[in-house]
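What follows is calculated from the coordinates using simple rules that are stated; it is not laboratory data. Source: prediction; values computed, not measured. Cβ: placed from backbone, ideal geometry, glycine included. Neighbour counts: every protein chain shown.
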Amino acid sequence: MAPTTQDRLVNITLVLIAAGLVAVSAAVTPSPTGMGTHERLGLPPCTFLKLTGIPCFSCGMTTSWAWMAHGHPWTSIKTQPMGALLFVATVAVGLASLFFLFRGGTVERRFNGYGRPVTIAFWAGLLGAWAFKIVETLAK
């Protein structure tokens, strides 16, 4: 299948987004506390954590991504398991889009039909990682 202009634009966009996210993750120093790395990017502290004393579902994600980008996958997984998984998925989508840029097609079209299982796995992983982060935070 020859690449179309629309496929090329989609693939270039996905490659740039993935590369940008990985570059930002590599540029920031991960917080040793397991949370708060996003504040080094100028973002405010987690309001949910501040109000409730428990982390929100995305607490630790930026830190986890930073650990992955710095080559510490085990620390990333211990920090926020879903963050590590999303980092790997983002790199995979970026690399696949780079491949499809020259081969034709897009990630979405090539993996059409997997939407429901991927969505279920995403939400199960996110909720499981959130529970992990809550337990970890309360144990400290």
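Across the range 1-120, the relative contact order, built from alpha-carbon pairs under 8 Å that are at least six residues apart, equals 35 percent.
For the range 5-139, the residue among Val135, Val22, Pro44 whose Cα projects farthest onto the positive side of the dipole built from Cβ charges is Val22.
Magnitude of the charge dipole for the chain, about its Cα centre and with charges confined to Cβ atoms of Lys, Arg (+1) and Asp, Glu (-1), is about 100 debye.
For the chain, the 222 nm mean residue ellipticity estimated from helices alone, with every DSSP H stretch of n ≥ 4 adding -39500 (n - 2.57) and the total spread over all residues, rounds to -22500 deg cm²/dmol.
Length gain on complete extension for the stretch Phe48 to Arg8, per 0.36 nm per residue less the alpha carbon to alpha carbon distance?
Full extension of this stretch gives 10.4 nm more.
Rounded to the nearest 0.05, what FRET efficiency is calculated for Lys78 and Trp123 with R0 set to 30 Å and r the Cβ-Cβ distance? E between Lys78 and Trp123, to the nearest 0.05, is 0.85. Could you tell me the distance between the Cα centroids of the range 6-61 and the range 85-140, to the nearest Å? So the separation of the two Cα centres works out to 15 Å. Among 43-54, 123-134, sorting by the average number of other beta carbon atoms lying within 10 angstrom of each residue, highest first, gives 123-134, 43-54. Helix 115-139 and the longest principal axis of the Cα set of the chain meet at an angle near 20°.
Every pair of different Cα atoms in the range 5-139 enters the Kirkwood calculation, which places the hydrodynamic radius at 15.9 Å. Relative to the longest principal axis of the Cα atoms of the chain, the long axis of helix 81-103 makes an angle of roughly 10 degrees.
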